[in-house]
Amino acid sequence: MTDAEYQAWLVRDGYRVALIEVDTDIPRYLSTVAYTTLPTDTPANRMHLPCVAGGFAFSERLSLDGNPAISAGDIELSNEDGALDAWLSEVWVNRAIRVYIGDVSWSRADFRLEFSGVVADLTSSAAGRLNIVLRNKLERLNTPVVEAVLGGTTTNKDRLLPVLLGECHNVEPLLVDPANHEYQVHSGPMERVIEVRDNGVPLSNTTAALSTGKFRLGGTPAGTITVSAQGRTPYQNTAGNLVRTLATAYGTPSERLTPADLDTVSLDAFNVLNQQVLGMSLPDRANVLQCCQQIAASVGAQVVMSRQGLLRLVKVALPGVGAPVAIGPSDYEAGSLSIKQRIDVVAGVKLGYCRAWSVQANLDTGIPPAHKDLFAQEWLTVTARDTAVAAAYRLYAEPAQVDTLLLRAADAQAEADRRLALWKVSRTVYSLRGYAHLLTLELGQPVTLTAPRWGLDAGRQGIVIAVQRDWIAGRCVVEVLI
Amino acid sequence: MAAIQNDRDLLLQAASPRVVPIPIPIDRIDGLPEALKSLRIKTSATTFIGSSGATNPATITLTAEKLGGLAGAVTWSVITGAGTLAPNGDSCAVTGSTVTGTSITIRARVTVGGINYDAQISLSKLGALSAQEQINLTSQVVGQLAMGNVTGYGALALLNQVNLNTQTIGALNGQTQITNLGALAYVNALAANQIGAGTLAAGVIYAGTINVENLVGNTISGKSLSGSDFIYIGGVSASSPVSLARINGDEAISQFAGRFTVRRSDSQSDFDISRVGNLKHGNISLGVTAEFLGSSFTVRNESVGYANFQTSAAGGIILRHNNITMQNAAGAALMSAITARVSFNTSYVNLRNSGGFAGGINGDLVFSGSDLGMNINGTWWKFTKTLA
């Protein structure tokens, strides 16, 4: 079945059915209506339990404030007779769940995967109901980056092995061998030790072991040892590549994404457009998803999952990247278009960049005062201001600082300018209830919204920032930022 | 290895210097404040000139300076040497006439909390001579300066040669007779530039003997030998029939300004000029009286056209030999152009004319021997002394 045929089927409002597969220890196959695969299907003659009470709805959203937003959904199961009570004693948490949409008359192969996520939990909202709480597949990244500890007998034996991605300034390494003054920067091969310092004083008598991410001092240190370094190899330092690395190489091994879970085309395209260099040091416990979101946010992007459960990076930018989808009055229910939100105008953007991962205030060593100031300051900053906007909107001139993992002033300034340009004008989020053919809209997808109200007569470009799909009803609530 | 990207490390890597000295407050270092306290002595002069009596200066004033917060009374004392001090608080006067010896060392001391802070200074006392720019060793130094006492040679030390004519004054100059030649006395070669212009001036060698063996090739090369007296050519004393001496030269010994005497004390060999060709073809021209002494004298002329003897001197020729033989070549005169007397003061004279002109003697021909024999055309004629 082609995309066009599938899109046509959505429009003509056939007899839709949702097939749900849950990878519990005893795999569960559920559906909204009774459906058994044909003998010629793969798998053949599989029966799906038609216990799904309502439809299947899942909402996903791009955050406009920079904070990560995990999309969520819920599948309600009929359990009036308590036949499914035993499921509550099974492990559903963090088990993969897939939802396929198609026509009850189709063969199994023609169904389309419209959701691939994980089960957050199996609960019961009422006596006759069980509820499968959904999270998209990003939930699989909600695990510690590393859980390996140093071990041994030193006081650091319970410390997590550090991870260093990209390039970082003045990281405090982990002392792994006090007798030999050996420190570890990264738990594996690393690219380069730029400089080792003792209380800010550069040391020359050090020996780096890049293959193990370690270095040794030539003598007893006088104070705190810090290091500037370039981390994990193969060396990556752009947002797209760092997120790809984190999602596939770190976290609980069983939950890590595989290359098949990545929207490679989208990530490659994002990487081409976002060449800013970044760095992240993880000396202690950290969450893979949060790290990915932090990296993406540094360039104004967010980590999202596509409907098919492929990881991608979406940047909140206007206009969006790609050809816009036209949405007019005929594409949504009459009267459903409304203003959902008015975004506050900002007159300035201040970004922190080039973090000093180990802040050293009041260094009493023989280094120039300017260098002491450098080590005492956690962030370097850039600011983009528009005094005219500040005056017009009566806004404060000094904006709140937003920290990034950017390393260069030029990159930080460009990002600050971009954000100011985006938010110094009045932005509006419009909401509409679209017809079935809009079910395939993706977050960040550019659209041209046309409506007889709010100055949208001629159509204005925006991007999709939220979608709540009801595959069974054939409707989706779409929010567009213009 | 990827290039550094972050602004901080780029800034640090480009900075110079990266490390600067750390100023440490003095009061944060235990013991340093006390350690910084010190005492030093300033002096109005460091040397007394004049070994006895009044000196210049007459007194030297010492002033103690307290540093690093040092406070307290100064005590002055003599550490080494002897002299009279006149302390006055932080100052002290030293009178030069009271200083004995060549120096005096004086200490200033301040005692605080049981800690002595000392400073010392040494003053020298020198003789009057030390104040002079130059010293006359003859008149200003008593006795002899030993080599070890001469430590400075002044500008002379920088020279690699000394011109005795221009760089010395008085007794030591180019005319000085140097009796101790040192290494020069043992050289086996004396280069011309070691004796000035390359020529020994007349009279430089005025005594001793020049041994021919020390001359190159046993030969004296030159045109003339002259002297106020005789030139003696000594021969060997052995009886071997070697030539008495040999005088070689392209030019004949043609003139004798003085008296030419050939003497031979023994009788082993006559004076024989056998190669008269070397003596200008046998022509012996005598400007003065010639005297030939010896047992025999033979002149054998082998060249045609030249006489054996020729002289115009007033003394003529005196031949005093026991046995004289003269033989001329055909066509040559035995004697010619002799205006004075020819005396044969000998026992035997043989004049053998080989066909030439016997001689042209305008003066007297005197034979002082015993007899005179003449062979005229094959007939001997004998003249006795009584006959004459």
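The values are calculated or read from the model by the stated rules, or taken from the named source; none is laboratory data. Quick caveat: nothing in here was measured; it's all calculated off a predicted structure. When we count neighbours, we look across all protein chains shown, and the Cβ atoms used for this are built from the backbone with ideal geometry, even at glycine.
Just one of the listed residues (A:Ala473, A:Ala436) is of a type in the set (A, V, I, L, M), within 20 Å of A:Ser306 (Cβ to Cβ) and touching a helix residue (DSSP H, G or I) at 6+ places or on another chain (Cβ under 9 Å), namely A:Ala436. Once the range A:415-427 is narrowed to residues that are surrounded by fewer than 17 Cβ atoms within 10 Å (Cβ to Cβ) and among the hydrophobic types (A, V, I, L, M, F, W, C), the residue that is farthest from the chain's Cα centre (by Cα) is A:Val425.
Is at least one residue of the range A:344-353 surrounded by 14 or more Cβ atoms within 10 Å (Cβ to Cβ), of a type in the set (Gly, Ala, Ser) and in contact with a Pro (Cβ under 9 Å, 6 or more places away or on another chain)? Yes: one or more hits. Among the residues making up the range B:68-83, those that are exposed (fewer than 13 other Cβ atoms within 10 Å of the Cβ) and farther than 26 Å from B:Leu36 by Cα are B:Thr80, B:Ala82.
Of all residues in the range B:39-75, those satisfying the criterion of being farther than 19 Å from B:Arg109 by Cβ, in contact with a Phe, Trp or Tyr (Cβ under 8 Å, 6 or more places away or on another chain) and not β-branched (Val, Ile, Thr) are B:Asn56, B:Pro57. Inspect the range A:396-409 for any residue being away from chain B (no Cβ under 11 Å), more than 29 Å from the chain's Cα centre (by Cα) and crowded, with 18+ Cβ neighbours inside 10 Å and give the result as yes or no. Looking for residues that are away from chain B (no Cβ under 11 Å), more than 29 Å from the chain's Cα centre (by Cα) and crowded, with 18+ Cβ neighbours inside 10 Å, one finds none in the range A:396-409, hence no. Among residues of the range B:12-32 that are under 17 Å from A:Gly366 (Cα atoms) and within 7 Å of chain A (Cβ to nearest Cβ), those with a beta-carbon under 8 Å from a residue that is of a type in the set (Ser, Thr, Tyr) and in a loop (DSSP other than H, G, I, E, B) at least six positions away or on a different chain give the pairs B:Ile22/A:Thr365. Return the only residue of B:Arg18, B:Arg107 being buried (at least 16 other Cβ atoms within 10 Å of the Cβ), within 30 Å of A:Glu195 (Cβ to Cβ) and of a type in the set (Lys, Arg). Being buried (at least 16 other Cβ atoms within 10 Å of the Cβ), within 30 Å of A:Glu195 (Cβ to Cβ) and of a type in the set (Lys, Arg) holds for just one of B:Arg18, B:Arg107, which is B:Arg18. Of A:Gly335, A:Gly320, all but one fail to be free of Cβ contacts under 8 Å to residues at least 12 places away in the same chain and surrounded by fewer than 21 Cβ atoms within 10 Å (Cβ to Cβ); the exception is A:Gly335. Just checking, how many residues over the range A:437-474 are over 24 Å from the mean Cα position of the chain (by Cα) and not hydrophobic (A, V, I, L, M, F, W, C)? Residues that pass the stated criteria total 11. Looking only at the range A:2-53, count every residue that is touching an Asp or Glu at 6+ places or on another chain (Cβ under 8 Å) and surrounded by fewer than 15 Cβ atoms within 10 Å (Cβ to Cβ) and tell me the total. Here the count works out to 4.
Looking only at strands (runs of 3 or more DSSP E) that lie completely in the range A:202-309, which have at least 1 residues being within 14 Å of chain B (Cβ to nearest Cβ) and on the phi < 0 side of the Ramachandran plot?
Details: elements: A:206-209, A:214-217, A:225-232, A:279-282, A:301-305.
Fully inside the range A:202-309 and qualifying: A:206-209, A:225-232, A:279-282.
The numbered conditions (1) assigned to a loop (DSSP other than H, G, I, E, B); (2) aliphatic (A, V, I, L, M); (3) facing chain B (nearest Cβ under 9 Å) are all true for A:Ala334 except (3). Just one of the listed residues (A:Ala376, A:Ala400) is out of contact with any helix residue (DSSP H, G or I) (no Cβ under 8 Å at 6 or more places or on another chain) and touching a residue at least 40 places away in the same chain (Cβ under 8 Å), namely A:Ala400.
Looking across A:Arg140, A:Arg135, A:Arg112, A:Arg108, one residue alone is at pLDDT below 90 and closer than 29 Å to A:Gln7 by Cα. It is A:Arg135. Any chance the range A:381-392 includes a residue that's within 14 Å of chain B (Cβ to nearest Cβ), touching a strand residue (DSSP E or B) at 6+ places or on another chain (Cβ under 8 Å), touching a residue at least 12 places away in the same chain (Cβ under 8 Å) and not aromatic (Phe, Trp, Tyr)? For the range A:381-392, residues within 14 Å of chain B (Cβ to nearest Cβ), touching a strand residue (DSSP E or B) at 6+ places or on another chain (Cβ under 8 Å), touching a residue at least 12 places away in the same chain (Cβ under 8 Å) and not aromatic (Phe, Trp, Tyr): present. The set of residues in the range A:147-185 that are over 23 Å from A:Gly218 (Cα atoms), surrounded by fewer than 19 Cβ atoms within 10 Å (Cβ to Cβ) and among the aliphatic types (A, V, I, L, M) comprises A:Ala148, A:Val149.
Residues in the range A:45-98 that are among the charged types (D, E, K, R) and either farther than 17 Å from A:Val303 by Cβ or modelled with pLDDT of 90 or more (or both): A:Arg46, A:Asp74, A:Glu76, A:Glu80, A:Asp81, A:Asp85, A:Glu90, A:Arg95, A:Arg98.
Only a single item in (1) surrounded by fewer than 16 Cβ atoms within 10 Å (Cβ to Cβ); (2) aliphatic (A, V, I, L, M); (3) away from chain A (no Cβ under 11 Å) is not met by B:Met1, and it is number (3).
Among the residues of the range A:132-155, is there at least one that is on the phi > 0 side of the Ramachandran plot and within 14 Å of chain B (Cβ to nearest Cβ)? Among the residues of the range A:132-155, not one is on the phi > 0 side of the Ramachandran plot and within 14 Å of chain B (Cβ to nearest Cβ), which makes the answer no.
Considering only the range A:146-189, state which residues are hydrophobic (A, V, I, L, M, F, W, C), touching a residue at least 24 places away in the same chain (Cβ under 8 Å) and not in a loop (DSSP other than H, G, I, E, B). Step through it out loud before you land on a result.
At the first step, the residues of the range A:146-189 found to be hydrophobic (A, V, I, L, M, F, W, C) are A:146, A:148-150, A:160-161, A:163-165, A:168, A:171, A:174-176, A:179, A:185.
From what's left, touching a residue at least 24 places away in the same chain (Cβ under 8 Å): A:146, A:148, A:150, A:160-161, A:163-165, A:168, A:171, A:174-176, A:185.
Within the range A:146-189, A:Leu160, A:Val163, A:Leu164, A:Leu165, A:Cys168, A:Val171, A:Leu174, A:Leu175, A:Val176 meet the criteria.
Please give the strands (runs of 3 or more DSSP E) falling wholly within the range B:49-136 in which 1 or more residues are of a type in the set (D, E, K, R). Steps first, answer last, please.
On the way: elements: B:59-67, B:75-82, B:85-88, B:91-95, B:100-112, B:115-126.
Answer list for the range B:49-136: B:59-67, B:100-112, B:115-126.
Of the residues making up the range B:30-41, one or more are outside any loop (DSSP other than H, G, I, E, B), at pLDDT 95 or above, in contact with a Ser or Thr (Cβ under 9 Å, 6 or more places away or on another chain) and closer than 30 Å to B:Gly114 by Cα.
With respect to (1) closer than 26 Å to A:Leu278 by Cβ; (2) within 14 Å of chain B (Cβ to nearest Cβ), the lone exception for A:Asn362 is condition (1).
I'm checking my understanding of the structure. Among residues of the range A:1-31 that are modelled with pLDDT of 85 or more and small (Gly, Ala, Ser), which one is farthest from A:Val325 (Cα to Cα)? Restricting to residues being modelled with pLDDT of 85 or more and small (Gly, Ala, Ser), the top hit is A:Ser31.
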